[in-house]
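Okay, structure first, notes after.
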Ligand code: C5P
């Protein structure tokens with residue numbers, strides 16, 4: 001009789017056979033997968049980044065697609081070019097700092113606080129309405145990775161919680177999911193920056209604490225303690241991310257089970273140092289992968 005864990009060597013040999021997948025320590029990955037398969041869906045939680053992890057980095061022609069914040073850059077540029085240019089100038093100034101290989105995380109943090117803080121002030125000062133922002137999302141260049149809808153729905157069908165931990169804007173993710181899936185699946189929980197609206201449904205503030213790329217860790221999840229307590233039987237974590245800031249998103253989980261870290265590498269193939277860094281911190285590195293196939297295959301062997 002076939003055991004559920006028999007699927008693990010099959011998945012491993014598939015992973016190791018793919019040119020665009022790097023798995024530098026297959027023994028550890030196989031051991032984590034076996035524990036997860038034995039635990040099954042009931043012991044699993046998926047913690048995922050949103051921008052360029054659940055969403056696509058580039059379209060078929062190689063053009064960069066939008067992040068959740070980028071929804072403002074594009075739409076405001078169209079309607080109010082002067083304000084739109086301010087969003088674009090901020091991105092041109094701070095994005096290179098976010099990914100600069102010469103700066104340490106500590107050196108980058110004040111710049112990230114400035115970037116997020118300034119762009120959030122622009123949004124609040126403009127008092128964008130909820131309706132306008134929903135329209136912006138409808139017209140945005142945020143695109144799901146191939147298979148993302150099915151992935152999210154299959155987690156819901158198997159009662160596996162999906163924590164979307166994003167330094168982007170949570171409301172934009174909510175509106176995007178509502179527009180693409182019809183509704184936000186019950187299993188989904190957000191840890192993100194939320195736009196707060198006044199009684200006229202105009203943006204009036206952002207939630208605290210501010211979440212930027214380099215504080216997706218214990219510093220911002222204090223208020224999430226009740227949620228993590230509620231799911232405290234879920235000791236096995238599948239973590240999906242695309243940046244160095246994503247690797248500690250599992251800090252809220254109360255347990256000593258494994259975290260399988262899957263990293264989407266969107267950088268240049270010539271940047272061997274960056275790629276090597278990803279291989280050190282992520283169990284499985286997916287190079288320029290526009291799909292959620294690997295995450296789906298992992299969930300399929302666990303179910
Ligand atoms: O961690 P996550 O991928 O969710 O981070 C959101 C991304 O949004 C950052 O990597 C940053 O490049 C981007 N961003 C942006 N405009 C801002 C602030 C952040 O595009 N105003």
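The values are calculated or read from the model by the stated rules, or taken from the named source; none is laboratory data. Owing to the predicted nature of the structure, the values given are computational and were not obtained by experimental measurement. Cβ coordinates were reconstructed from backbone atoms using ideal geometry, including for glycine residues, and neighbour counts include every protein chain displayed.
A few points about this structure:
- Of the residues making up the stretch 120-138, not a single one is surrounded by 14 or more Cβ atoms within 10 Å (Cβ to Cβ), within 26 Å of residue 253 (Cα to Cα) and in contact with a helix residue (DSSP H, G or I) (Cβ under 8 Å, 6 or more places away or on another chain).
- Looking only at residues of the stretch 146-193 that are farther than 20 Å from residue 232 by Cα and in a strand (DSSP E or B), we find that the one that is farthest from the ligand (Cβ to nearest atom) is 146.
- Elements of the type helices (runs of 4 or more DSSP H) sitting completely within the stretch 60-145 and holding at least 2 residues that are within 14 Å of the ligand (Cβ to nearest atom) and within 21 Å of residue 173 (Cβ to Cβ): these cover 70-79, 81-98, 105-126.
- First in the stretch 99-113 and over 11 Å from residue 213 (Cα atoms), second anywhere and loosely packed, with under 12 Cβ neighbours inside 10 Å and at pLDDT below 95, Cβ under 8 Å, 6 or more apart: 101/273
- Scanning the stretch 235-243 for residues that are part of a helix (DSSP H, G or I), crowded, with 22+ Cβ neighbours inside 10 Å and modelled with pLDDT of 95 or more turns up nothing.
- Any hit, the stretch 211-218, residues being under 30 Å from residue 40 (Cβ atoms) and more than 18 Å from the chain's Cα centre (by Cα): no
- The residues of the stretch 34-53 that are out of contact with any strand residue (DSSP E or B) (no Cβ under 6 Å at 6 or more places or on another chain) and within 16 Å of the ligand (Cβ to nearest atom) amount to a single one, 52.
- Residues (touching a helix residue (DSSP H, G or I) at 6+ places or on another chain (Cβ under 7 Å) and surrounded by fewer than 19 Cβ atoms within 10 Å (Cβ to Cβ)) located in the stretch 282-300: 296, 297
- Qualifying positions in the stretch 211-234 - more than 17 Å from residue 164 (Cβ to Cβ) and either away from the ligand (no atom under 13 Å from the Cβ) or outside any helix (DSSP H, G or I) (or both): 218, 219, 222, 225, 226, 229, 232, 233
- Residue selected from the stretch 244-257 under the condition touching a strand residue (DSSP E or B) at 6+ places or on another chain (Cβ under 6 Å) and away from the ligand (no atom under 15 Å from the Cβ), by the criterion modelled with the highest pLDDT: 257
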